[in-house]
Amino acid sequence: MEAVCVSRWRSRGKGRERERLAALAGEASAEAAVAMETAASVPEASEAEAPEAERPPVPQDLTAAAFFDVDNTMMMGASIFHFARGLAARKYFSTSDLAGFAWQQIKFRVGGRESSQGLRSSREQALSFVAGRTVDEMVAIGEEIYDELMADKIWAGTRALAQMHLDAGQRVWLVTATPVELAAIIARRLGLTGALGTVAESRDGVYTGRLVGDLLHGRAKAHAVRALAAREGLNLRRCTAYSDSQNDVPMLSVVGTAVAVNPDSGLREVARARGWEIRDFRTGRKAAKIGVPSVLGAGALAGAVAAGLAYRKRL
């Protein structure tokens with residue numbers, strides 16, 4: 001009996017610590033998102049002198065917003081894997097490291113679900129690779145990698161949903177476990193308001209390789225959305241959230257309207273039970289043309305990496 005009590009006490013302690021780290025990650029992400037949005041809104045000298053009519057209109061619906069997950073919701077596959085491929089091409093790490101990313105990507109693309117342990121491992125690996133690098137350097141490389149490996153992987157249907165909110169005068173944020181700097185690049189390239197993402201600790205503009213709190217995943221996303229809403233004066237009941245993953249049910253549950261996009265089996269079941277709208281851009285001829293070759297591409301990449309490793313072992 002005593003052993004059972006001790007086990008429950010430890011379990012509750014771990015649960016409280018996870019919640020604390022999730023809340024810290026959410027607060028840090030919201031703070032970073034607001035700071036980036038503020039910096040982006042400061043006009044250049046030439047822009048400041050432009051006629052009033054040429055400036056973009058100010059959003060009129062300031063209490064409603066939309067929040068989009070990235071991986072398999074806004075973008076085909078995992079953004080951090082695409083980023084890893086770009087870093088590997090630039091010799092930031094070895095082919096054996098990339099093999100691990102390839103295997104995680106195959107499981108994600110074929111299975112359609114992400115394990116929290118696998119996600120934590122892949123994201124923390126990616127963050128460790130940038131330790132000692134400057135934030136400016138990673139942002140510049142992120143811009144290049146987006147053009148090379150991500151721009152053509154945006155789901156047109158999901159992009160149209162985001163544009164619908166923008167056209168209604170609402171702000172749109174991405175919400176992802178991907179590092180916030182990379183998430184902000186994706187958001188900016190898509191013409192969105194900004195992004196909530198995992199905050200990697202940096203000192204004097206240099207990454208330490210540690211996280212602020214935890215990955216922006218699961219409950220941490222819900223904390224981030226709440227924190228941003230408090231800072232921006234949003235009415236969450238008037239907001240909408242989109243995701244493909246059952247892991248994002250906490251985020252989907254804090255807004256007035258939840259939409260399952262390309263849902264995994266778990267989220268599809270939850271969406272049906274709760275009456276949430278379901279949008280699937282993987283079905284029909286589009287899936288045949290885009291989805292299958294993408295999966296095969298991930299397998300081919302893994303095979304190529306494995307062959308490369310075998311070749312190196314023979315040397």
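So here's what we get for this one:
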read-out: Every residue from the stretch 65-92 that is in contact with an Asp or Glu (Cβ under 6 Å, 6 or more places away or on another chain) and among the hydrophobic types (A, V, I, L, M, F, W, C); value: ALA78
read-out: Residue check, ALA177 at pLDDT below 95 and in contact with a helix residue (DSSP H, G or I) (Cβ under 6 Å, 6 or more places away or on another chain); value: yes
read-out: Residue list for the stretch 198-249, restricted to those being part of a strand (DSSP E or B) and within 23 Å of ARG274 (Cβ to Cβ); value: THR240, ALA241, TYR242, SER243
read-out: Wholly within the stretch 132-196, helices (runs of 4 or more DSSP H) carrying at least 3 residues that are hydrophobic (A, V, I, L, M, F, W, C), crowded, with 16+ Cβ neighbours inside 10 Å and in contact with a strand residue (DSSP E or B) (Cβ under 7 Å, 6 or more places away or on another chain); value: 156-167, 180-189
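Rundown of residues vs (1) farther than 21 Å from LEU228 by Cβ; (2) modelled with pLDDT under 70; (3) surrounded by fewer than 11 Cβ atoms within 10 Å (Cβ to Cβ), yes/no style:
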site: GLY13; (1), (2), (3): yes, yes, yes
site: ALA23; (1), (2), (3): no, no, no
site: SER29; (1), (2), (3): no, no, no
site: VAL34; (1), (2), (3): no, no, no
site: THR38; (1), (2), (3): no, no, yes
site: VAL42; (1), (2), (3): no, yes, yes
site: SER46; (1), (2), (3): yes, yes, yes
site: ALA53; (1), (2), (3): yes, yes, yes
site: VAL58; (1), (2), (3): no, yes, yes
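The values are calculated or read from the model by the stated rules, or taken from the named source; none is laboratory data. No experiment lies behind these values; they were computed from the predicted model shown. As a convention, Cβ positions derive from the backbone with ideal geometry for all residues, glycine included, and neighbour counts pool all protein chains shown.
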